[in-house]
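Contents: one structure, followed by commentary.
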Amino acid sequence: MKLLNMTVVTRFAPSPTGYLHIWSLRTVLYNYLYAKKNNGKFMLRIEDTDRTRLVEWSVENMIQVLASVWLIPDEGPNNPGDKGPYYQSERLEIYRKYIDELIKNDKAYYCFCSSERLSELREEQTSLGLPTKYDKNCRFMSEDEIQAKLDAGVSYTVRLKVPEGKKVRFEDTVKWKIEVDTKDIDEQVLLKSDGFPTYHLANVVDDYLMWVTHVIRGDEWTPSAPKHVLLYEAFGWTPPTFSHIPLLLATGGKKLSKRTGDVSVEIYLEKWYLVESIINYISLLGWNPKTTEEFFSMSELIERFNLDHVNKSGAIFDVERLNFFNAHYLKNSDINDLYNKLLTYLKRYDEEFFNTLQKFPEEYNKNILNELKSRIKKFDELKGLTTFFYTDAKLAELDVFINPKMKLESIDDVIASLELVEDVLTKNDELTSVNEIKDVFVDAIKDAGMKNGQVLWPARVALSGEEFSPGTLELIYLLGKEKSLERINNVLENLK
Ligand code: GLU
């Protein structure tokens with residue numbers, strides 16, 4: 001398998017048991033990056049042999065989420081090539097053929113033990129504090145005995161015959177050399193009594209038949225790897241290169257799980273996180289770019305990604321760090337591009353806000369987004385911050401206008417300030433930039449012998465209806481002269 005000039009093939013091989021989780025996204029990303037970096041192929045294979053855990057919508061959902069985060073397999077159920085079928089449940093005949101080959105070559109054997117016997121065995125071992133393992137009861141049956149049981153239709157499984165007194169050795173790019181004594185390896189079931197293969201057999205056969213050169217997967221599969229290596233040996237195949245990537249932990253060091261926070265990738269899309277932030281942040285969970293830089297686009301990641309720089313120890317998934325990356329990408333995005341992304345999210349996740357935006361000129365929406373993009377960490381904060389741009393501003397309580405520190409002690413003070421604002425707005429037509437608006441107001445406030453805060457504070461409250469909002473000059477710029485005047489007049493009328 002490790003021949004020169006062999007195309008690199010990686011794969012993501014999920015069991016369709018629910019949503020795509022953050023840790024799986026990282027597995028996919030590393031497989032994708034490694035394949036792309038080496039001009040190779042990234043495949044998707046569905047490991048659905050454990051029929052009890054199947055979730056019907058899972059595959060379609062995973063494919064859709066992967067596409068949303070730009071990780072589209074080169075080959076898989078939705079874009080087949082010549083290595084299909086990609087659902088293991090559609091490959092049962094293939095596995096049967098390989099099982100027969102193993103039995104014929106004395107690398108696997110029939111096991112007729114009943115499930116009752118196996119659970120008794122397990123209980124006994126547990127009560128003695130021993131590791132639970134098959135006791136090889138059927139390993140040494142004679143051919144006649146076996147044939148008699150088969151003829152009598154006794155239900156059976158097929159188990160791996162683990163060579164005795166040997167060490168299984170292999171290299172892992174993350175953990176380097178791994179060595180396990182065969183006495184510590186269970187004689188794994190390869191074919192279940194329902195005719196379905198177990199994960200181990202199907203995984204190895206498919207990686208071989210699909211020409212997978214690099215198996216990059218989570219550390220939780222490290223204990224399975226020696227069994228897989230034994231299987232490769234039993235078939236006479238060269239194993240792929242293994243990389244078992246470190247576990248993802250929650251802040252505080254616990255294993256990441258539903259209990260520690262949101263772990264489904266889709267939830268982050270529903271919260272309108274930018275894909276570039278998700279990808280960039282996830283890429284760094286376990287991989288060290290060996291530089292102090294931390295912002296990488298997908299193409300930069302493809303260029304730099306390297307399996308040798310995957311860390312051995314667990315990485316912490318911290319939403320605050322994700323927010324930090326997201327804030328960076330929001331702030332630095334081109335406004336047209338960002339606006340289109342916003343619309344895409346809204347179409348999918350918030351039709352109401354989408355329809356609201358459609359009622360206003362694109363220019364108006366973009367200016368607002370442009371003003372706010374450096375103040376938010378997430379798109380979804382936008383909605384709360386922009387209500388007053390899209391509905392009539394509510395009337396703030398009087399005590400929000402009153403601000404003794406700014407010489408606003410009474411209603412009359414507030415009215416005097418707002419009248420000045422009204423006057424300036426009425427007299428000036430060219431309010432086409434925040435700087436221009438600033439010049440006009442600073443001059444007028446000075447001429448009136450007033451202080452900036454004294455005028456701009458109540459103006460801001462009148463324009464937004466809120467105690468906190470972007471600054472007055474920005475608001476006038478974004479709302480435009482007409483709407484600003486309307487709001488100032490409305491508040492004046494009410495105060496009078
Ligand atoms: N089906 C396994 C899973 O659900 C695949 C593990 C592997 O990549 O070998 O993660």
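The values are calculated or read from the model by the stated rules, or taken from the named source; none is laboratory data. Quantities reported herein were computed from a predicted structural model and do not represent experimental measurements. Methodologically, a virtual Cβ is constructed for each residue, glycine included, from the backbone with ideal geometry; neighbour enumeration extends over all protein chains shown.
How about the range 223-249: which of its residues are within 24 Å of LEU25 (Cα to Cα) and away from the ligand (no atom under 14 Å from the Cβ)?
First pass over the range 223-249, keeping only residues within 24 Å of LEU25 (Cα to Cα): 223-225, 228, 240-249.
Scanning the range 223-249 gives PRO246, LEU249.
Residues in the range 58-74: is at least one over 27 Å from ALA250 (Cβ atoms), more than 16 Å from the ligand (Cβ to nearest atom), at pLDDT 95 or above and of a type in the set (Asp, Glu)?
Checking the range 58-74: at least one residue is over 27 Å from ALA250 (Cβ atoms), more than 16 Å from the ligand (Cβ to nearest atom), at pLDDT 95 or above and of a type in the set (Asp, Glu).
So that you can scan it fast, the table gives a plain yes or no per residue for (1) modelled with pLDDT of 95 or more; (2) surrounded by fewer than 16 Cβ atoms within 10 Å (Cβ to Cβ); (3) out of contact with any Pro (no Cβ under 7 Å at 6 or more places or on another chain):
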| site | (1), (2), (3) |
| --- | --- |
| VAL55 | yes, yes, no |
| PRO77 | yes, no, yes |
| ASP82 | yes, yes, yes |
| ILE103 | yes, no, yes |
| ASP106 | yes, yes, yes |
| TYR109 | yes, no, yes |
| GLU116 | yes, yes, yes |
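Tell me whether the range 417-427 contains one or more residues that are at pLDDT 95 or above, surrounded by fewer than 18 Cβ atoms within 10 Å (Cβ to Cβ), among the polar types (S, T, N, Q) and under 22 Å from ASP392 (Cα atoms).
Yes: one or more hits.
List every residue pair whose Cβ atoms lie under 8 Å apart, where the two residues are 6 or more positions apart in sequence or sit on different chains, the first residue falls within the range 202-219 and is of a type in the set (Asp, Glu), and the second residue, located anywhere, is near the ligand (Cβ under 10 Å from one of its atoms) and in a helix (DSSP H, G or I).
ASP206/GLN88
Return the residue satisfying two criteria in turn: it lies in the range 293-306 and is in a loop (DSSP other than H, G, I, E, B) and at pLDDT 95 or above, and of such residues it is farthest from VAL69 (Cα to Cα).
Among residues in the range 293-306 that are in a loop (DSSP other than H, G, I, E, B) and at pLDDT 95 or above, the one farthest from VAL69 (Cα to Cα) is GLU293.
I'm checking my understanding of the structure. Among residues of the range 173-188 that are within 16 Å of the ligand (Cβ to nearest atom) and buried (at least 19 other Cβ atoms within 10 Å of the Cβ), which one is nearest to the chain's Cα centre (by Cα)?
Selected residue: VAL174.
Give the residues of the range 275-289 that are aromatic (Phe, Trp, Tyr) and in a helix (DSSP H, G or I), sorted by residue number. Can you show your working first?
Quick first cut of the range 275-289, residues aromatic (Phe, Trp, Tyr) only: 281, 287.
Hit for the range 275-289 is TYR281, nothing else.
Determine which member of the set PHE353, PHE379 is buried (at least 17 other Cβ atoms within 10 Å of the Cβ) and under 30 Å from ASN494 (Cβ atoms).
That would be PHE353, the only listed residue that is buried (at least 17 other Cβ atoms within 10 Å of the Cβ) and under 30 Å from ASN494 (Cβ atoms).
Any idea how many residues of the range 1-16 are modelled with pLDDT under 95 and either touching an Asp or Glu at 6+ places or on another chain (Cβ under 6 Å) or surrounded by 18 or more Cβ atoms within 10 Å (Cβ to Cβ) (or both)?
Of the residues in that region, 0 qualify.
Residues in the range 203-222 that are near the ligand (Cβ under 10 Å from one of its atoms) and in a helix (DSSP H, G or I): how many?
Residues meeting the conditions: 6.
Taking the condition among the hydrophobic types (A, V, I, L, M, F, W, C), crowded, with 16+ Cβ neighbours inside 10 Å and either under 19 Å from TRP237 (Cβ atoms) or in contact with a Cys (Cβ under 7 Å, 6 or more places away or on another chain) (or both), does LEU121 pass? Break it down into steps so the answer makes sense when it comes.
Numbers: among the hydrophobic types (A, V, I, L, M, F, W, C): yes; crowded, with 16+ Cβ neighbours inside 10 Å: yes; either under 19 Å from TRP237 (Cβ atoms) or in contact with a Cys (Cβ under 7 Å, 6 or more places away or on another chain) (or both): no.
Criteria not met by LEU121.
In the range 1-116, which helices (runs of 4 or more DSSP H) lie fully inside it and hold 3 or more residues that are over 29 Å from the mean Cα position of the chain (by Cα)?
On the way: elements: 22-37, 58-68, 92-104.
So the answer is 92-104.
Given the options ALA444, ALA448, name the one that is surrounded by fewer than 17 Cβ atoms within 10 Å (Cβ to Cβ) and over 47 Å from the mean Cα position of the chain (by Cα).
ALA448
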